[in-house]
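Working notes, beginning with the structure itself.
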Amino acid sequence: MTTDAPRPANSPDGYVRTAIADGIARIEFFHPKSNALPSAILRDLAAAVTAAGADSSARVIVLQSGGTGPFCAGASFDELTAIASPEQGQEFFSGFARVILAMIRAPKFVISRVHGKAAGGAVGLIAASDFSMAVTKASAKLSELAVGIGPFVVGPVIEKKIGLAAFGAMSVDADWRDAAWGERHGLYAKLFDDVAAMDDAVTALATTLAASNPEAMAMLKRVFWAGTEQWETLLAERAGMSGTLVLSEFTRNAIGAFKTR
């Protein structure tokens, strides 16, 4: 079974698409600007993960992005520069919170397939998965401070995944970490030299999990994400922090400089 978001596959606004077969729900998102995440994509991603979590024909979820470039460039700079009020800013950043919460609340394992670089909010999506596989070129960075904000919304899930020290290092030194660094610190569970080998491994693991006890997997999910019960409130507060900072003159100028590179 395949379901598409309302936007067509060739839409300049990108798409989110779900295909379910053999107990595996593959959710793919795409945006022509380096798989950036505008609010519409975030909304559709959260809805797709929630729907797959509730679908009895899906026993495991694979999250992936389209194309052969970056896995995800994080927040859409075009949308960030259009934010005109703290309320709009909080709503935009709440989109990341909703995807993260959908991933960790889904009663099924989420495997992330990372075929390229991941920046900003993308690191949060990877951290919110239960198991991640990546290619050796899948460098990662938290670029938020460089544009005058901070990784506030994605911070809790990244900190839980890789620890406070590693999260702090990524936040302060907003430069690329190679995939080997990501594997050492737990962001990635396995690395592969090429996409074909990664895809074989993703399919093999997803197939095994699709045949595993769903009740046991749901219980393990609750163990993995114990301590996140208040995150709806926490992430909403963090979204408000980012939503206010994005209106500052410093951030406006920094984002403008990034867009002209």
*When the Karplus curve 6.51 cos²θ - 1.76 cosθ + 1.60 is applied with θ = phi - 60°, which whole-Hz ³J(HN,Hα) does each residue of the range 194-202 get, with x for Gly and Pro?*
8, 5, 4, 5, 5, 4, 4, 5, 4
*Roughly what would the spin-label model give for Glu232 and Ser56, points 7 Å off Cα along C-beta, in nm?*
2.6 nm
*What does the charge add up to near Met241, with Lys and Arg as +1, Asp and Glu as -1, over the other residues with Cβ less than 15 Å from its Cβ?*
-3
*asked:* Among His115, His31, His185, which one shows the highest mean-square fluctuation when the chain is modelled as a Gaussian network with alpha-carbon springs under 10 Å?
replied: His185
*Which whole-Hz couplings ³J(HN,Hα) result when phi for each residue of the range 205-211 is put into the Karplus expression 6.51 cos²θ - 1.76 cosθ + 1.60, θ = phi - 60°, listed in order with x for Gly and Pro?*
5, 4, 5, 4, 5, 5, 9
*Pull up the DSSP beta bridges for the range 21-156 and report the antiparallel fraction as a percent, rounded to 5.*
5 percent
*Once you've got the GNM for the chain with C-alpha springs shorter than 10 Å, pick whichever of Ser143, Ser34, Ser57 has the biggest mean-square fluctuation.*
Ser57
*Name the residues whose placed amide hydrogens come within less than 5 Å of the amide hydrogen of Val62, ignoring near sequence neighbours (fewer than 5 apart) on the same chain.*
Ala25, Arg26, Ile27, Ile111
*asked:* Can you give me the accessible area per residue for the range 156-261, using a 1.4 Å probe, in Å²?
replied: 56 Å²
*asked:* Between Thr244 and Thr136, what is 0.36 nm times their sequence separation minus the Cα-Cα distance? Round to one decimal in nm.
replied: 35.3 nm
*Once you have the Cα-Cα distance between Trp176 and Ser212, take 0.36 nm times their residue separation minus that, and quote the gain in nm to one decimal.*
9.3 nm
*Carbon plus sulfur fraction of accessible area for the chain, probe 1.4 Å, in percent*: 58 percent
_Under 5 Å, built H, 5+ apart or other chain: amide partners of Arg177_ = Ala140, Lys141
*Which parts of the range 53-77 would a label at Arg222 reach, counting a residue when its backbone N lies under 17 Å from a point 7 Å out along Cα-to-Cβ?*
54
*Could you give the distance between the Cα centres of the range 72-129 and the range 171-199, to the whole Å?*
18 Å
*Compute the label zone of Arg252 within the range 78-93: residues whose backbone N is under 13 Å from the point 7 Å along Cα-to-Cβ.*
81-86
*Can you work out ³J(HN,Hα) from phi for every residue in the range 238-251, in order, using Karplus 6.51 cos²θ - 1.76 cosθ + 1.60 and θ = phi - 60°, giving whole Hz and x for Gly and Pro?*
5, 4, x, 4, 5, x, 7, 5, 5, 8, 5, 4, 4, 5
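The values are calculated or read from the model by the stated rules, or taken from the named source; none is laboratory data. Keep in mind that this is a model prediction, so the values were computed, not measured. Glycine gets a Cβ as well: all are built from the backbone with ideal geometry, and neighbour counts include every protein chain shown. Areas reflect the complete protein model, heavy atoms only, side chains present, ligands, DNA and RNA absent. Shrake-Rupley method; radii C 1.70, N 1.55, O 1.52, S 1.80 Å.
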